[in-house]
Amino acid sequence: MVNYIWLGMMVTGVLVAAINGHVEVVTKAALEGAQVAVHTAIDLIAIITFWLGIMKLAETAGLVQALARLLQPITRFLFPSVPKEHPAMGAIILNLSANILGLGNASTPMGLIAMQELQKLNRGDPKEATDAMCTFLALNTSCITLIPTTIIGIRLIYGSADPTEIVGTTIFATAMGMTAAICMDRLLRYLYYRGR
Amino acid sequence: MFGVVSDLSRWAIPIVLLLVPLIAMVRGVNVFEKFVEGAEAGFVTAIKTIPFLVAMLVAISIFRASGALDMLVGVLSPVLNLVGFPAEVLPHAIMRPLSGGASLGIATDIIKTYGPDSFIGRLVSTMQGSSDTTFYVLTLYFGSVGISRYRYSIISGLCADFTTLIASVYVAHKLFGPT
């Protein structure tokens, strides 16, 4: 799937640029894209290093496991393949909580930690996503958001009478999206194993 | 309601940074040593994502700069206008899963042009607030552990994005009403 999407964007991009008579933008755009990617990764070093340290403390002190135990009823349903009290559970919960609160720069490192823990549980091909990873990413990208911090800031800058009035609509839209994500994940997993 | 949630948001991280080391200390953990031990993996984790991010962001960048994105918008907007979806926000809807920075730029531009309290301004605010950069998140998360076969997760992510989009349009019509 990702192969087709990737190839599709590359091929249509180059062809459309050629048809529009400005094929030279392709080279520039490719370089810019690569630069943005490297900058993003470099910026991540700082924040991931920091949160990995904190997470190690929380894990050694037994806090991550305690959190995992607390939310067990929900996580057992969503991630049946992850053993209870596994550090992956704690990291998943922390990532989703940070998402819900709109704490973008804490949620990404937590998410990467969760992925590492899930990869440790991967008994199949290490290059292929596991069921739990697919569920986690579906939840992560569609997670309920209580505070969309960035957009509230922008509304404020441009003189909105009530910058936070979109909080309710955002909660509604994300709740719908999250429900769809859980349903689609289950459905696609079923189809995936049936098709094999 | 909003005040409480907003305070929670502001306090969450400082409280974590206060409580985690304290509790760890009480439980007999060598806090400094353990922190450094955990943090050690940070550099490698971040660097490992570079090839995956470069692959994805280069494709997105070419697709956008070539004008292919604008063409897609041109084809889709007459259809979507029929179901009450304003053509002005379509570039945002298409860009949202691909690039966080670009979609935020589009949202900012729309808010600046139409005003934050116009129907379109409120709709695009809801859309920006309610969805995530699906492609970026998938590439980054899978990339950090070296996974290149995503199975069905792109489809489920995009279905969720699409549902969120429809829900945003629906709730914005209900609450703010197009004028």
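The values are calculated or read from the model by the stated rules, or taken from the named source; none is laboratory data. The model shown is predicted, which means the values in this text are computed figures rather than measured ones. As a convention, Cβ positions derive from the backbone with ideal geometry for all residues, glycine included, and neighbour counts pool all protein chains shown.
Look through segment B:37-46, keep the residues that are surrounded by fewer than 20 Cβ atoms within 10 Å (Cβ to Cβ) and at the interface with chain A (Cβ under 7 Å from one of its Cβ atoms), and return whichever of them is modelled with the lowest pLDDT.
First, the residues of segment B:37-46 that are surrounded by fewer than 20 Cβ atoms within 10 Å (Cβ to Cβ): B:37, B:39-41, B:43-44.
In the following step, the residues that additionally are at the interface with chain A (Cβ under 7 Å from one of its Cβ atoms) were identified as B:37, B:39, B:41, B:43.
Numbers: B:GLU37: 93, B:ALA39: 92, B:ALA41: 86, B:PHE43: 89.
Checking each candidate, the answer is B:ALA41.
Hey, among B:THR163, B:THR139, which residue is of a type in the set (Ser, Thr, Tyr), in the same structural domain as B:VAL83 (by TED's automatic domain parsing) and within 27 Å of B:GLY74 (Cβ to Cβ)?
Working: B:THR139 fails: within 27 Å of B:GLY74 (Cβ to Cβ).
Matching residue, one of B:THR163, B:THR139: B:THR163.
Among the residues of segment B:143-161, is any of a type in the set (A, V, I, L, M, F, W, C), under 30 Å from A:GLU128 (Cβ atoms), in a loop (DSSP other than H, G, I, E, B) and at the interface with chain A (Cβ under 7 Å from one of its Cβ atoms)? Show your work before the answer.
At the first step, the residues of segment B:143-161 found to be of a type in the set (A, V, I, L, M, F, W, C) are B:145, B:147, B:154-155, B:158-160.
So of that shortlist, the ones also under 30 Å from A:GLU128 (Cβ atoms) come out as B:145, B:147, B:154-155, B:158-160.
Filter again for in a loop (DSSP other than H, G, I, E, B), leaving B:145, B:147.
With the extra rule that they be at the interface with chain A (Cβ under 7 Å from one of its Cβ atoms), the set shrinks to B:145, B:147.
Among the residues of segment B:143-161, at least one is of a type in the set (A, V, I, L, M, F, W, C), under 30 Å from A:GLU128 (Cβ atoms), in a loop (DSSP other than H, G, I, E, B) and at the interface with chain A (Cβ under 7 Å from one of its Cβ atoms), which makes the answer yes.
Going residue by residue through segment A:86-95, is there one that turns out to be closer than 26 Å to B:ILE60 by Cβ, touching a Ser or Thr at 6+ places or on another chain (Cβ under 6 Å), more than 8 Å from chain B (Cβ to nearest Cβ) and part of a helix (DSSP H, G or I)?
yes
Among residues belonging to segment B:120-142 that are within 7 Å of chain A (Cβ to nearest Cβ), buried (at least 23 other Cβ atoms within 10 Å of the Cβ) and not small (Gly, Ala, Ser), point out the one that is farthest from A:ASN122 (Cα to Cα).
Among residues in segment B:120-142 that are within 7 Å of chain A (Cβ to nearest Cβ), buried (at least 23 other Cβ atoms within 10 Å of the Cβ) and not small (Gly, Ala, Ser), the one farthest from A:ASN122 (Cα to Cα) is B:ARG122.
Looking only at segment A:133-188, how many residues end up being in a loop (DSSP other than H, G, I, E, B), more than 7 Å from chain B (Cβ to nearest Cβ) and either hydrophobic (A, V, I, L, M, F, W, C) or under 27 Å from A:GLN116 (Cβ atoms) (or both)?
Counting residues in segment A:133-188 that are in a loop (DSSP other than H, G, I, E, B), more than 7 Å from chain B (Cβ to nearest Cβ) and either hydrophobic (A, V, I, L, M, F, W, C) or under 27 Å from A:GLN116 (Cβ atoms) (or both) gives 2.
Can you give me the number of residues within segment B:100-135 that are touching a residue at least 40 places away in the same chain (Cβ under 8 Å) and touching a Ser or Thr at 6+ places or on another chain (Cβ under 7 Å)?
Total satisfying the criteria: 4.
Whether any residue in segment A:108-124 is closer than 25 Å to B:THR134 by Cα, at pLDDT below 90 and surrounded by fewer than 22 Cβ atoms within 10 Å (Cβ to Cβ) is what I want to check.
No, there is no match, as no residue in segment A:108-124 is closer than 25 Å to B:THR134 by Cα, at pLDDT below 90 and surrounded by fewer than 22 Cβ atoms within 10 Å (Cβ to Cβ).
A:THR27 - would you say it is more than 28 Å from A:CYS134 (Cβ to Cβ) and among the polar types (S, T, N, Q)? Spell out how you get there, then give the answer.
Values: more than 28 Å from A:CYS134 (Cβ to Cβ): yes; among the polar types (S, T, N, Q): yes.
Spelling it out, A:THR27 is indeed more than 28 Å from A:CYS134 (Cβ to Cβ) and among the polar types (S, T, N, Q).
Out of all the residues in segment B:60-72, is one or more surrounded by 14 or more Cβ atoms within 10 Å (Cβ to Cβ), at pLDDT 90 or above and not assigned by TED's automatic domain parsing to the domain that holds B:GLY101?
No - not one qualifying residue is present in segment B:60-72.
Determine whether segment A:97-106 contains at least one residue that is surrounded by fewer than 22 Cβ atoms within 10 Å (Cβ to Cβ), more than 10 Å from chain B (Cβ to nearest Cβ) and free of Cβ contacts under 8 Å to residues at least 12 places away in the same chain.
Looking through segment A:97-106, none of the residues is surrounded by fewer than 22 Cβ atoms within 10 Å (Cβ to Cβ), more than 10 Å from chain B (Cβ to nearest Cβ) and free of Cβ contacts under 8 Å to residues at least 12 places away in the same chain.
Can you report the number of residues in segment A:41-74 which are small (Gly, Ala, Ser), within 7 Å of chain B (Cβ to nearest Cβ) and touching a residue at least 24 places away in the same chain (Cβ under 8 Å)?
Summing the residues that are small (Gly, Ala, Ser), within 7 Å of chain B (Cβ to nearest Cβ) and touching a residue at least 24 places away in the same chain (Cβ under 8 Å) in segment A:41-74 gives 1.
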